[in-house]
There are 2 protein chains.
Amino acid sequence: MTTLACKPADFRQACDDARAESCCVGLVPTMGALHEGHFSLIDEAKKRAGFVAVTIFVNPLQFAPDEDLGRYPRALQTDLASCRERSVDLVFAPEPESMYPSEFQTQVSVGDLTKPLEGAFRPAHFDGVTTIVAKLFNLAGPSAAMFVRKDYQQWKVLARMVQDLDMPIEVIGCPIVRESDGLALSSRNRYLSASERTRALGIVSGLREAHDAWDAGERSPETLRALTEGHVSANFERVDYVAAVDPDTFATRSEPGTRLLIAVAAHLGTTRLIDNVVLGEDPRP
Amino acid sequence: MTTLACKPADFRQACDDARAESCCVGLVPTMGALHEGHFSLIDEAKKRAGFVAVTIFVNPLQFAPDEDLGRYPRALQTDLASCRERSVDLVFAPEPESMYPSEFQTQVSVGDLTKPLEGAFRPAHFDGVTTIVAKLFNLAGPSAAMFVRKDYQQWKVLARMVQDLDMPIEVIGCPIVRESDGLALSSRNRYLSASERTRALGIVSGLREAHDAWDAGERSPETLRALTEGHVSANFERVDYVAAVDPDTFATRSEPGTRLLIAVAAHLGTTRLIDNVVLGEDPRP
């Protein structure tokens with residue numbers, strides 16, 4: 001049976017009860033509009049914990065005023081059905097007011113790791129992410145929490161927060177789930193028109209060409225980056241970044257290494273998509 | 001028996017073990033150089049929890065470069081003996097490198113409550129306090145943590161952090177312990193020369209005069225503030241602030257209320273002392 005909690009105190013109590021029965025809590029924080037990417041996180045949580053909690057919260061703190069908070073897809077009833085189907089134990093879907101009452105004034109922020117890539121284009125984004133995730137962690141007391149590596153920087157930032165603040169939680173980065181044609185699953189994909197959906201594959205083509213070049217022995221970060229950028233620039237209306245950086249520090253790489261993160265963010269119409277591959281580690285997208 | 005842990009992992013393990021044996025953990029975070037003020041926190045913790053942990057850590061993050069980090073009193077062996085005498089279960093005395101390894105980059109910060117009073121004179125102080133206390137909370141998993149109301153603003157800031165981040169912890173503010181002549185106990189009192197020690201009583205005289213006036217019916221915040229300031233200015237070489245503010249928000253009060261925080265910070269030589277009283281709530285200092 002899937003329990004729905006809407007109040008933070010109820011969510012905490014249900015997780016406390018689970019731990020009191022010697023169940024580890026596995027947490028899957030989401031913004032809802034669940035898709036196969038989220039389901040893979042739920043599957044992973046079920047492997048790792050006897051009690052799986054999914055949170056559904058479109059966190060206003062991580063959206064800038066000019067971003068898509070208002071139109072971000074909400075689908076609570078469908079999401080609940082999906083969670084029931086997958087025997088999720090607990091769904092937490094709070095109202096913003098219960099997470100951020102008027103006197104709320106605390107922030108958790110990670111430093112250097114949040115500055116490049118997404119941080120350069122969404123300056124307050126990661127502070128919003130780390131703050132809400134810290135709250136969810138403190139409410140749920142999970143032993144492990146699942147995040148998808150499509151939001152690669154987010155995963156690394158949260159792992160850094162957990163380590164720096166000594167939270168007793170394992171932060172798991174799960175593989176990106178893709179459509180059959182390679183497009184990374186994202187709740188934002190539903191914004192795309194048919195022609196945008198076709199052009200969105202420019203990211204995948206770029207990442208694939210970089211992956212193929214890597215497999216063929218190419219190790220120059222700039223060459224691999226430029227191969228990706230060619231496809232992205234040809235298909236997207238605006239490119240925020242195509243970066244070739246250290247997968248752990250996000251420092252720009254000029255020298256070849258054994259692993260290289262190629263990360264992309266680009267716009268089609270009013271939709272912003274991100275994707276990435278870690279060369280030397282990930283399979284071909 | 002009092003166990004000493006110096007490594008964060010050992011501290012966490014000892015607290016985990018205590019909770020596994022159904023003991024609540026009561027935490028007393030200190031910077032060491034323990035005195036009767038700290039002992040009153042330990043006594044309170046023993047009332048509230050089956051397992052009492054004292055942390056001793058002079059936290060570099062909460063000192064500005066021009067402050068007294070280097071000369072802050074360290075007395076680990078004496079402190080350990082005091083903890084043994086009081087049957088403290090666990091003492092955690094880490095090295096700064098184990099709390100802040102080189103890649104450390106996360107900060108917990110509270111907003112408006114940290115801006116006035118101490119925050120106006122020690123701009124990065126509270127970020128350092130909230131960050132280290134969040135770490136200690138996450139390591140220890142206490143059900144309650146004790147702080148002294150001499151650091152009144154610190155207590156309120158930490159209570160705010162705990163509430164905002166949904167930490168399942170009770171933050172207890174314990175009464176100020178004073179010398180027989182009224183001077184609030186502080187590890188920094190040992191810096192005072194004999195003549196400075198005498199003049200230090202100017203704060204107590206000021207707080208007492210305000211308290212007496214309140215008891216006699218005076219309710220004007222500015223009058224009560226000025227009564228205190230007279231004594232402080234007459235005895236101290238430099239006054240950071242003498243404030244009459246709302247005890248919960250620290251907003252400056254111009255209208256009478258049922259409670260009023262009079263808070264003082266002032267310098268004698270190289271020593272900075274703070275003290276306070278909540279009129280309408282605290283006994284006469």
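Looking at the stretch A:10-23, which of its residues are within 12 Å of another protein chain (Cβ to nearest Cβ) and on the phi < 0 side of the Ramachandran plot? Result: A:PHE11, A:ARG12, A:GLN13, A:CYS15, A:ASP16, A:ARG19, A:ALA20.
The residues of the stretch A:174-190 that are small (Gly, Ala, Ser) and modelled with pLDDT of 95 or more, listed by number, are A:SER180, A:GLY182, A:ALA184, A:SER186. Scanning the stretch B:55-72 for residues that are surrounded by 18 or more Cβ atoms within 10 Å (Cβ to Cβ) and not hydrophobic (A, V, I, L, M, F, W, C) yields a count of 3. Collect the residues in the stretch B:46-60 that are under 24 Å from B:GLU95 (Cβ atoms), touching a Pro at 6+ places or on another chain (Cβ under 9 Å) and of a type in the set (A, V, I, L, M), keeping them in residue-number order. The answer is B:ALA53, B:VAL54, B:ILE56, B:VAL58. Number of residues in the stretch A:139-172 that are without any contact (Cβ under 8 Å) to a residue 60 or more places away in the chain and within 9 Å of the chain's Cα centre (by Cα) equals 2.
Evaluated against (1) without any contact (Cβ under 8 Å) to a residue 40 or more places away in the chain; (2) touching a Ser or Thr at 6+ places or on another chain (Cβ under 9 Å); (3) part of a helix (DSSP H, G or I), A:VAL239 falls short on exactly one condition, (3).
Rundown of residues vs (1) farther than 30 Å from A:PRO123 by Cβ; (2) within 17 Å of the chain's Cα centre (by Cα), yes/no style:
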{"site": "A:HIS38", "(1), (2)": "no, yes"}
{"site": "A:GLU44", "(1), (2)": "yes, yes"}
{"site": "A:ALA49", "(1), (2)": "yes, no"}
{"site": "A:THR55", "(1), (2)": "no, yes"}
{"site": "A:LEU61", "(1), (2)": "no, yes"}
{"site": "A:ALA81", "(1), (2)": "yes, no"}
{"site": "A:LEU90", "(1), (2)": "yes, no"}
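On the stretch given as the stretch A:1-41, residues that are part of a helix (DSSP H, G or I), closer than 20 Å to A:PRO73 by Cα and not small (Gly, Ala, Ser) total 4. For the stretch A:199-219, check the following and say yes or no: at least one residue is over 22 Å from A:SER180 (Cβ atoms), touching a residue at least 60 places away in the same chain (Cβ under 8 Å), in contact with a Phe, Trp or Tyr (Cβ under 8 Å, 6 or more places away or on another chain) and not assigned by TED's automatic domain parsing to the domain that holds A:ARG122. No, the stretch A:199-219 contains no residue that is over 22 Å from A:SER180 (Cβ atoms), touching a residue at least 60 places away in the same chain (Cβ under 8 Å), in contact with a Phe, Trp or Tyr (Cβ under 8 Å, 6 or more places away or on another chain) and not assigned by TED's automatic domain parsing to the domain that holds A:ARG122. Total residues in the stretch A:252-267 satisfying the condition of being over 20 Å from the mean Cα position of the chain (by Cα) and either under 22 Å from A:ARG188 (Cα atoms) or surrounded by fewer than 21 Cβ atoms within 10 Å (Cβ to Cβ) (or both): the figure is 7.
If you check B:ALA234 against the conditions, is it touching a residue at least 12 places away in the same chain (Cβ under 8 Å), crowded, with 17+ Cβ neighbours inside 10 Å and in a helix (DSSP H, G or I)? I'd like the intermediate steps shown before the answer.
Working: touching a residue at least 12 places away in the same chain (Cβ under 8 Å): yes; crowded, with 17+ Cβ neighbours inside 10 Å: no; in a helix (DSSP H, G or I): yes.
The answer is no for B:ALA234.
Taken as a whole, the structure places A:ALA226 among residues that are outside the structural domain of A:GLY111 (by TED's automatic domain parsing), over 22 Å from A:ASP112 (Cα atoms) and either of a type outside the set (Gly, Ala, Ser) or outside any strand (DSSP E or B) (or both).
Picking from A:LYS47, A:LYS7, which residue would you name as being touching a residue at least 60 places away in the same chain (Cβ under 8 Å) and on the phi < 0 side of the Ramachandran plot?
Details: A:LYS47 fails: touching a residue at least 60 places away in the same chain (Cβ under 8 Å).
Within the list A:LYS47, A:LYS7, the selection yields A:LYS7.
Taken over the stretch B:87-125, the criterion of being touching a residue at least 60 places away in the same chain (Cβ under 8 Å), closer than 12 Å to B:GLN153 by Cβ and not charged (D, E, K, R) is satisfied by B:LEU113, B:PRO116, B:LEU117, B:ALA120, B:PHE121, B:HIS125.
Residue-by-condition table, conditions (1) under 22 Å from B:MET167 (Cα atoms); (2) acidic (Asp, Glu); (3) within 19 Å of the chain's Cα centre (by Cα):
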| residue | (1), (2), (3) |
| --- | --- |
| B:ARG84 | no, no, no |
| B:SER87 | no, no, no |
| B:GLU95 | no, yes, no |
| B:GLN105 | yes, no, no |
| B:VAL110 | yes, no, yes |
| B:THR114 | yes, no, yes |
| B:LEU117 | no, no, yes |
| B:PRO123 | no, no, yes |
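The condition of being within 24 Å of A:ILE274 (Cα to Cα) and not aromatic (Phe, Trp, Tyr) holds for only one of A:GLN154, A:GLN107, A:GLN163, that being A:GLN154.
Inside the stretch A:237-250, can you point out the residues that are aliphatic (A, V, I, L, M) and buried (at least 19 other Cβ atoms within 10 Å of the Cβ)? If the condition is that a residue be aliphatic (A, V, I, L, M) and buried (at least 19 other Cβ atoms within 10 Å of the Cβ), then A:VAL242, A:ALA243, A:ALA244, A:VAL245 are the ones that fit.
The values are calculated or read from the model by the stated rules, or taken from the named source; none is laboratory data. Just so we're clear, the structure is a prediction, and the values are computed from it rather than from any experiment. All Cβ positions, glycine included, derive from the backbone under ideal geometry; neighbour counts span all protein chains shown.
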